[in-house]
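The values are calculated or read from the model by the stated rules, or taken from the named source; none is laboratory data. Since the model is a prediction, treat every value here as computed from it, not as a measurement. Because the Cβ atoms are built from the backbone with ideal geometry, glycine has one as well, and the counts that use them run over all protein chains shown.
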Amino acid sequence: MEEIESKVKALREEQKATLDRIEAEYREQLAGLRRDAESKEQKLAEQWSAKHLRLTRFIEQMGCRPRLAEPNGR
């Protein structure tokens, strides 16, 4: 009986160790995906900002100025 209990205990410990390893790998992969997503988001924001700046300069060169809101709200 003790032999069976010992084997069950060993299997449970092995199972826990395996689950801990899988969980650690999952957290590591998730952190990597988050870093990649943040990097891509930053890159897209920089691209959008650069395009917006180019468009603003182009519009200014064309002599078009953005209209400010009129005092009566139109």
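Within the range 32-55, identify whether any single residue is polar (S, T, N, Q) and modelled with pLDDT under 95, and answer yes or no.
No - not one qualifying residue is present in the range 32-55.
Of all residues in the range 1-21, which are loosely packed, with under 10 Cβ neighbours inside 10 Å and part of a helix (DSSP H, G or I)? Steps first, answer last, please.
Narrowing the range 1-21 to residues loosely packed, with under 10 Cβ neighbours inside 10 Å: 1-5.
Result: E2, E3, I4, E5.
Pairs only if they're at least six apart or on different chains, beta carbon under 8 angstrom, first in the range 14-36 and touching a residue at least 12 places away in the same chain (Cβ under 8 Å), second assigned to a helix (DSSP H, G or I) and surrounded by 10 or more Cβ atoms within 10 Å (Cβ to Cβ); list them, first residue then second.
No pair meets every condition.
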